[in-house]
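Structure record follows, encoded as structure tokens.
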Amino acid sequence: MRGSVYNQLRSRLDLPNIPALDGIRAVSVALVILFHAGIPVSGALGVLIFFVLSGFLITWLLLKEDEKTGTISLKGFYRRRALRIFPAFYCLWLVTAVLRVARGGVIPWAAAWSSFFYYANYYQGIMRPTDSYLLHTWSLAVEEQFYLCWPLLFLLLSKDRRRLAWTLVGIIALVIAHRTGLCLAGAPVQYISYTFDCRADSLLWGCLLAVALRGGYLLPFWGWACRRAWAPLLTAGFVAVTAAAHVNTMIRLTVLPPAVAILICQLVLQSQSRLWRWLNSGIARYLGQISYPLYLYHGIGVARLPIPGWLKLPLIIGVAVALASASYYAVERPILRRFKAPNKVQVPEMATSPCL
């Protein structure tokens, strides 16, 4: 029975379009948008889910490429990431600057350049500026720093999957110990929350999940955790309560990523059940596909307008979807079609992490 559960999970993960993942993206970006619209939900949880999901998907595709070709192409990897991430981001960067000037404001260039060159997480974590200009790009910086490091380590260790898995376990433990030490030493919460050295374990849990599933490790656990359609309710409840409760930041950042990793597996396997099939609905899939530009552009020009409270949320959502759709169809997809080279391994489009 346990092997059967694992085989079903693997068969779904090997599909060109993995079930439920777009729906998970949609839920994640919705948490961020609702939080910034003043709804009492955890926007930080949405970002954390994207970190885990990003680590998982990147590693899953690297594993597939390595199995098919015997190696991975670093050039191909970085080319795909650049084409997927940079066009929408730098359009946002320009639009934000133009809007700031058009409103008569002054561009805080230190923050602007930290965002432009993808070190906004350390700028925000160390300098703690009062201006929130491009604050949300801190998580894009975390992602880019992850992309620079992880493929190189993967290439070094990919021939021994057990060694790769144990290396990930060791690095995760080191990150947790490092973050704990900083917390006990009184480091600012902004540094703990934003910087790569304190948040890398969220992405690495996703990497470990991919290695474990691809290698067939922990079969009894996957059978126990994923067999029942109601199992994701328990995991999601734990994640939601932990994220919403007044729990120490160190504890939240330590216990939530592995729980989210388990939840992703459960939802992928159970996405055809009556309880979870909405994750594959047309609306959920579309919002998941545009989740990257959806976060980048959400709330631009709307959040500060003097509009009635009952109209604010639908207007924020409507403008965000319109701008994200324009970015997706007018910028991202044309560039991907124009410059994306043929690949030996089928690589679906993957949004990078929207950010808080």
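Charge dipole (Cα centre; +1 on Lys/Arg Cβ, -1 on Asp/Glu Cβ; no other charges) of the range 73-173 amounts to roughly 440 debye. Every helix of 4 or more DSSP H residues in the chain counts as -39500 (n - 2.57), and over all residues that averages to -23500 deg cm²/dmol at 222 nm. A simple packing score, the average count of other Cβ atoms within 10 Å per residue, orders the peptides 15-21, 85-91, 45-51 as 45-51, 85-91, 15-21, with the highest score first. In plain terms, the bigger the Kirkwood radius, the slower the diffusion; for the range 98-160, with that radius from Cα pairs, at 25 °C and 0.890 mPa s, Stokes-Einstein puts D at 185 µm²/s. Considering the range 47-121, its Cα convex hull presents a mean projected area of 6.3 nm². Rg/Rh, computed from the Cα trace of the chain with Rh as the Kirkwood radius, has the value 0.95. Taking 0.36 nm per residue of separation and subtracting the current Cα-Cα distance, fully stretching the chain between E67 and V95 would add 5.9 nm. Label separation (R277 vs A187): 4.7 nm, computed from points 7 Å beyond Cα along the C-beta direction.
Projected onto the charge dipole of the range 1-148 (+1 at Lys/Arg Cβ, -1 at Asp/Glu Cβ, origin at the Cα centre), which of G104, F117, P40 gives the Cα projection farthest towards the positive end? Checked the options; the winner is F117. A protection proxy built from the mean count of other Cβ atoms within 10 Å ranks the segments 288-296, 320-328, most packed first, as 288-296, 320-328.
Our coupling estimate for the range 286-298, obtained by passing each phi through the Karplus curve with A = 6.51, B = -1.76, C = 1.60 and θ = phi - 60°, is 5, 4, x, 5, 9, 4, 5, x, 4, 6, 3, 9, 5 Hz, Gly and Pro reported as x. Magnitude of the charge dipole for the chain, about its Cα centre and with charges confined to Cβ atoms of Lys, Arg (+1) and Asp, Glu (-1), is about 740 debye. What angle, in degrees between 0 and 90 and rounded to the nearest 10, separates the Cα long axis of helix 161-184 from the longest principal axis of the Cα atoms of the chain? The two axes meet at around 40 degrees. Loop-located trypsin sites (Lys or Arg not before Pro) across the range 238-319 with a Cβ neighbour count of 11 or fewer within 10 Å are R274, R304, with loop assigned by DSSP. The mean of 1/r over all distinct Cα pairs in the range 155-302, once inverted, gives the Kirkwood hydrodynamic radius of 17.6 Å.
Here, the range 1-63 yields an orientationally averaged convex hull projection of 5.3 nm² when only Cα atoms define the hull.
Take the Cα of A102, step 7 Å toward its Cβ, do the same at W230, and the gap between the two points is 5.3 nm. Round to the nearest 10 and give me the degree value, 0 to 90, for the angle of helix 309-327's Cα axis relative to the longest principal axis of the chain. In the chain, helix 309-327 runs at an angle near 70 degrees to the longest axis. Legend: calculated FRET efficiency, L311 to T242, from the Cβ-Cβ distance at R0 = 41 Å, rounded to 0.05, equals 0.80. Among the trypsin sites (Lys or Arg not before Pro) in the range 62-153, those placed in a DSSP loop whose Cβ has at most 13 other Cβ atoms within 10 Å are R103.
Within the range 200-225, list the residues whose amide N lies under 17 Å from a label point set 7 Å along Cα→Cβ of I176. Residues 200-210, 212 fall inside that zone.
Spatially, the range 255-327 and the range 193-253 are offset by 20 Å when compared through their Cα centroids. Between the helical axis of 231-244 and the longest alpha-carbon principal axis of the chain there is an angle of about 40 degrees.
Of the chymotrypsin sites (Phe, Trp or Tyr not before Pro) in the range 174-263, the ones in a loop by DSSP (not H, G, I, E or B) with at most 13 other beta carbons within 10 Å are W230. Three semi-axes describe the equivalent ellipsoid of the range 62-220; taken as square roots of 5 times the Cα gyration tensor eigenvalues and ordered largest first, they are 34, 22, 10 Å.
Modelled spin-label separation between R79 and R10, with each label point placed 7 Å from Cα along the Cα-to-Cβ direction: 3.1 nm. Evaluate the Debye formula for the range 196-260 with equal point scatterers sitting on the alpha carbons, no solvent, and hand back log10 of I(q)/I(0) at q = 0.24, 0.26, 0.27, 0.28 Å⁻¹, in q order, two decimals. Values returned for q = 0.24, 0.26, 0.27, 0.28 Å⁻¹ are -1.12, -1.16, -1.17, -1.19.
No value in this document is a laboratory result; all are computed from the given coordinates. Note that this is a predicted model, so its numbers are computed, not measured. Every residue, glycine as well, gets a Cβ built from its backbone with ideal geometry; the counts of neighbours run over all protein chains shown.
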